[in-house]
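Visitor: Following this message is one structure expressed as structure tokens.
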Amino acid sequence: MSGMAEKALAALRAELPGPVLLTDPDSVARFAHDEAEWAPYGKPLAVVRATSTDDVVAVVRVCAELGVPVVPRGAGTGLSGGANAIDGCVLISFEGMNEILEINPREQLAVVQPGVVNDDLRAACREQGAWYPPDPASSPWSTIGGNVSTNAGGVCCVKYGVTRDYVLGLEAVVGSGEVVRLGRRTAKGVAGYDLCGLFVGSEGTLGVITEITVKLLPGLRAPERTVVGYFDSLVAAGQAVAAVAAAGIVPSALELLDQHCLKAVDGWKNMGLNAEANVLLLGRSDTPGAAGEQEVDALLRCFEEAGATWSARSTDEHEADALFAARRLAYPALERLGPVLTEDVCVPRAKVPEMLGRIEAAAHRHDTQIANIAHAGDGNLHPLIITPPGDEAARLRAQRAFDDIVADAIALGGTVTGEHGVGLLKRKGLHAELSPAVIGMHHAVKNALDPTGIFNPGKVFGDPPDS
């Protein structure tokens with residue numbers, strides 16, 4: 001251990017309660033990476049299981065003085081390597097800061113610590129007649145802090161928006177340990193730059209978020225009606241998605257999953273899923289009354305006119321819920337088959353058919369298996385590139401397919417990430433998407449808010465790998 005590392009550990013021991021600081025290598029190792037199997041990670045110097053903002057302040061002050069990297073971590077469900085450890089870093093885990101501090105239905109807001117699990121917040125709000133909409137597929141496990149850091153999306157975000165649309169205010173530790181409050185608690189507020197919005201999606205590169213105020217919607221959701229469509233090809237399913245958008249329909253969900261996903265989930269959970277279709281589209285409407293019935297009818301027409309081999313309104317609520325559960329379980333089910341390289345591109349909805357066709361072409365061109373799930377309604381596609389364990393040639397082909405898909409998304413006017421964040425895996429694509437001038441603006445913001453360069457260095461706008 002270097003002298004600087006010993007000095008940092010001594011300073012942390014002096015500032016933090018004993019149980020908060022982990023240095024045992026075996027204990028520290030389990031915090032070292034998120035779910036992005038393809039992203040590199042290093043060995044942390046220590047893990048701080050923060051219990052308060054004061055713990056975070058102590059860490060940031062010590063690390064800023066000594067130039068030690070700081071990496072925040074939620075539940076570790078990320079898919080881009082954004083929470084991966086850097087050699088010699090201090091990793092701050094927020095699993096212990098998991099209190100819902102306030103739910104205020106009258107003001108339509110909630111205040112939470114970053115370690116609160118998404119579904120726990122949603123359930124607590126529901127008990128008070130309120131609703132927190134953002135619902136990433138990992139909502140049973142992912143935390144609000146991680147959702148904010150990556151600007152997570154979810155199934156219902158086609159209609160209700162992503163995490164950024166619900167963050168009113170933040171408490172964060174920045175610079176050399178200052179605690180700042182950004183944003184507001186009011187329904188409106190336009191004073192100053194939107195620094196709160198700047199932190200949403202910043203992936204821990206500007207500071208460490210220690211408290212979050214989120215907007216709630218009043219009342220409970222109307223019951224959802226589900227429409228199911230079977231399609232012979234990804235392109236045909238994509239044409240249905242484009243038709244839904246062209247018709248001006250805004251469903252509460254429009255999800256795609258292919259036969260690879262259905263079979264993987266059924267093989268794991270034995271849910272009795274029907275895998276007759278090559279591609280499945282799941283549409284939902286939560287519009288109440290006659291307008292909701294009309295919306296369901298319109299979804300069915302779009303499916304049929306796009307060439308669905310079978311489509312129907314689901315009359316079995318449990319069956320419909322099982323299909324949406326399969327959508328959420330697709331990624332971990334596919335992980336059981338081998339290492340998965342997860343894409344997260346987003347394209348204009350009219351370009352969804354062409355993008356799905358290009359994904360199929362990349363799979364054939366590089367002789368690699370690609371399963372497909374998608375928040376199809378907002379053009380957010382998640383091709384999942386699967387490789388046999390230990391097959392290095394397959395891994396190289398998968399990486400080439402990954403790069404081609406990113407390039408195709410950009411060429412179609414899209415973006416390299418719709419909700420997973422850039423982390424480590426998308427740095428090359430981000431530099432391709434943004435101009436040098438815009439990259440420079442981001443670096444200027446980073447340098448202004450993180451003058452010592454300690455917050456998650458190398459992530460997002462770090463120099464991309466050569467290949």
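Visitor: Given the structure, is N104 among the polar types (S, T, N, Q) and surrounded by fewer than 20 Cβ atoms within 10 Å (Cβ to Cβ)?
Guide: yes
Visitor: How many residues, within region 56-85, are part of a loop (DSSP other than H, G, I, E, B) and either in contact with an Asp or Glu (Cβ under 9 Å, 6 or more places away or on another chain) or open to solvent by 40 Å² or more (accessible area, probe 1.4 Å) (or both)?
Guide: Residues in region 56-85 being part of a loop (DSSP other than H, G, I, E, B) and either in contact with an Asp or Glu (Cβ under 9 Å, 6 or more places away or on another chain) or open to solvent by 40 Å² or more (accessible area, probe 1.4 Å) (or both): 13 in total.
Visitor: Tell me, yes or no, whether region 444-453 has at least one residue that is under 23 Å from F402 (Cβ atoms), in a loop (DSSP other than H, G, I, E, B) and open to solvent by 20 Å² or more (accessible area, probe 1.4 Å).
Guide: No; the residues of region 444-453 include none that is under 23 Å from F402 (Cβ atoms), in a loop (DSSP other than H, G, I, E, B) and open to solvent by 20 Å² or more (accessible area, probe 1.4 Å).
Visitor: Residue by residue through region 376-406, note down the ones that are in a loop (DSSP other than H, G, I, E, B) and open to solvent by less than 50 Å² (accessible area, probe 1.4 Å).
Guide: Residues satisfying the conditions are G379, T387.
Visitor: Taking the residues in region 281-320 that are touching a residue at least 12 places away in the same chain (Cβ under 8 Å), outside any loop (DSSP other than H, G, I, E, B) and among the polar types (S, T, N, Q) as candidates, determine which candidate is most open to solvent (accessible area, probe 1.4 Å).
Guide: S311
Visitor: From the residues in region 256-280 that are farther than 22 Å from V235 by Cα and outside any loop (DSSP other than H, G, I, E, B), which one is least open to solvent (accessible area, probe 1.4 Å)?
Guide: The qualifying residue least open to solvent (accessible area, probe 1.4 Å) is V265.
Visitor: If you don't mind, another one. For region 121-173, name all the residues that are more than 21 Å from T53 (Cα to Cα) and of a type in the set (D, E, K, R).
Guide: Scanning region 121-173 gives R122, R126, E127, D135, K159, R164, D165.
Visitor: If you take the residues in region 316-351 that are over 20 Å from the mean Cα position of the chain (by Cα) and not hydrophobic (A, V, I, L, M, F, W, C), which one is nearest to P388 (Cα to Cα)?
Guide: Applying the filter and picking the extreme gives G338.
To keep it simple, each residue is scored yes or no on (1) in contact with an Asp or Glu (Cβ under 6 Å, 6 or more places away or on another chain); (2) surrounded by fewer than 22 Cβ atoms within 10 Å (Cβ to Cβ); (3) not in a loop (DSSP other than H, G, I, E, B).
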residue: S202; (1), (2), (3): no, no, no
residue: E211; (1), (2), (3): yes, yes, yes
residue: V214; (1), (2), (3): no, no, yes
residue: T226; (1), (2), (3): no, no, yes
residue: Y230; (1), (2), (3): no, yes, yes
residue: V235; (1), (2), (3): no, yes, yes
residue: A240; (1), (2), (3): no, no, yes
residue: V244; (1), (2), (3): no, no, yes
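Visitor: Shifting gears a bit: Consider V155 carefully, then state whether it is modelled with pLDDT under 95, under 30 Å from R301 (Cα atoms), out of contact with any Lys or Arg (no Cβ under 6 Å at 6 or more places or on another chain) and open to solvent by 10 Å² or more (accessible area, probe 1.4 Å).
Guide: Yes, satisfied.
Visitor: Have a look at V227, V214 and point out the one that is modelled with pLDDT of 95 or more, touching a Leu at 6+ places or on another chain (Cβ under 6 Å) and either more than 16 Å from V148 (Cα to Cα) or not charged (D, E, K, R) (or both).
Guide: Checking each option against the conditions leaves just V227.
Visitor: Limited to region 349-372, what total is found for residues that are under 15 Å from L254 (Cα atoms) and either of a type in the set (D, E, K, R) or open to solvent by 10 Å² or more (accessible area, probe 1.4 Å) (or both)?
Guide: Adding up the residues that qualify gives 3.
Visitor: Tell me, which residue of region 32-55 that is farther than 11 Å from V90 by Cα and of a type in the set (A, V, I, L, M, F, W, C) is most open to solvent (accessible area, probe 1.4 Å)?
Guide: By that ranking, first place goes to W38.
Visitor: Same structure, new question: Please go through region 1-12 and give me each residue that is exposed (fewer than 14 other Cβ atoms within 10 Å of the Cβ) and of a type outside the set (D, E), ordered by number.
Guide: Correct list: M1, S2, G3, M4, A10.
The values are calculated or read from the model by the stated rules, or taken from the named source; none is laboratory data. What you are looking at is a predicted structure, and each value in this text was computed from that prediction instead of being measured. Methodologically, a virtual Cβ is constructed for each residue, glycine included, from the backbone with ideal geometry; neighbour enumeration extends over all protein chains shown. Heavy atoms of the whole protein, side chains included, go into the accessibility calculation; ligands, DNA and RNA do not. Shrake-Rupley method; radii C 1.70, N 1.55, O 1.52, S 1.80 Å.
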